[in-house]
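For reference, the structure is listed below as structure tokens.
What follows is calculated from the coordinates using simple rules that are stated; it is not laboratory data. Keep in mind it's a predicted model, so treat the numbers as computed, not measured. Glycine gets a Cβ as well: all are built from the backbone with ideal geometry, and neighbour counts include every protein chain shown.
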Amino acid sequence: MTGDSRQQRPPGAFGRGCNAALVRAAQWRAQGLANGDPWSHTDAAGVTANEYAVASGCALPSYYSIKGNNIESLGAGTPSPVVMFTALASSNAHKTHLFGENDFFREQDDVGIAMAEGGQWGYVWVIMIALC
């Protein structure tokens, strides 16, 4: 994602590597989805992606909705990170998030990625990109 020619974030974005809080949030989300949470940016208890990030220690900007998703892309069905990334990067909705194709997403420079095995899709991927 960082070296992809479609990336529109400034050079050095994600330069600190994965953000521990977002990795933790992505892991919680991936495991929940693999264990039967609805295929949604909101889990069975009504907790949203943004709330997972905050609960994991990411201090989101005040203009992010607390009850919402400004940070999460979901994918499923393969254990291969290359296949999953290619699929998400081919989706108009997801590529905007992954490559920072608008001002809102372009400022996000913290990332957390997780994969869990299980559920009806076999493998679930969660990519969280935010401004922590």
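Quick notes on this structure:
- With K and R counted +1 and D and E -1, the other residues having a Cβ less than 13 Å from that of SER73 yield a net charge of 0.
- Sorting 45-58, 5-18, 22-35, 73-86 by average packing, meaning the other beta carbons within 10 Å per residue, from highest down gives 22-35, 45-58, 73-86, 5-18.
- Order of MET115, MET1 - criterion: other Cβ atoms within 10 Å of each residue's Cβ, fewest first: MET1, MET115
- Residue-count net charge about TRP121 - beta-carbon cut-off 15 Å; Lys, Arg +1, Asp, Glu -1: -1
- Taking N as its residue count, the alpha carbon Rg of the range 20-130 over 2.2 N^0.38 Å: 0.98
- Ranking of GLU117, GLU101, GLU72 by count of other Cβ atoms within 10 Å, fewest first: GLU117, GLU101, GLU72
- Absence of a disulfide-compatible partner, taken as no other cysteine beta carbon within less than 4.7 angstrom, is noted in the chain for CYS18.
- A quarter of the convex hull surface defined by the alpha-carbon atoms of the range 7-55 gives 4.3 nm² as the mean projection.
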